[in-house]
Amino acid sequence: FFFLLLDAYLPLMSNAKERKYAVMADLGFSGVWTFLWFVCFCLLASQWSRTLDVRGIPQDAARATIAFSFFSIATWGILTYFALVRYRRGVADVTQSIYTEPPPEEHTPYPPTYAPSAYTPTTYSPYPSSAPDDFQQPPFTPSTITTTQPQGDYQPPTY
């Protein structure tokens, strides 16, 4: 059950070292069980072939046990092969891409921006010229404040 959950969780692992250890554990576990089922099959087949008195033994059950151990060798051998393929494949192909970049949209909800067709930058001269000044003076200059009010207290401007 543990290796079934590990197999489901393996594509989501982000750490390559943990993923390598998980695949190696699966490979080792499957290899050991393949070997143990092979030993069990050889032992059962050998003992069954040496049995002379079969009167007290249900023969169908003994043959079924030997057949089960043989098919278990094949099943665990296939699992070992798949674990070996996963180990040889390495780290690159194991992970799933959880986030994928969305394709660029051709139609955006915002209007496109356009540069002005004729752009003429304003040039400023560092020296005063005789051209009329289009700059508007701020509304509160010392010339617009009445001199009759005391300067220390705040007074709202008159409009």
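The values are calculated or read from the model by the stated rules, or taken from the named source; none is laboratory data. In this text the structure is predicted, and so the values were computed from the model without any measurement. Cβ placement follows ideal geometry from the backbone for every residue including glycine, while neighbour counts extend to all protein chains displayed. Please note that ligands, DNA and RNA were not included when accessible areas were found on the heavy atoms of the full protein model with its side chains. Shrake-Rupley method; radii C 1.70, N 1.55, O 1.52, S 1.80 Å.
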*Quick one: which of Val85, Val54 is open to solvent by less than 70 Å² (accessible area, probe 1.4 Å), of a type in the set (Val, Ile, Thr) and over 43 Å from the mean Cα position of the chain (by Cα)?*
Val54
*How many residues does the stretch 6-37 hold that are over 20 Å from Gly77 (Cβ atoms) and either open to solvent by less than 80 Å² (accessible area, probe 1.4 Å) or modelled with pLDDT of 80 or more (or both)?*
12
*Does at least one position in the stretch 38-45 carry a residue that is surrounded by 13 or more Cβ atoms within 10 Å (Cβ to Cβ), in contact with a Cys (Cβ under 8 Å, 6 or more places away or on another chain), without any contact (Cβ under 8 Å) to a residue 60 or more places away in the chain and farther than 29 Å from Gly90 by Cβ?*
no
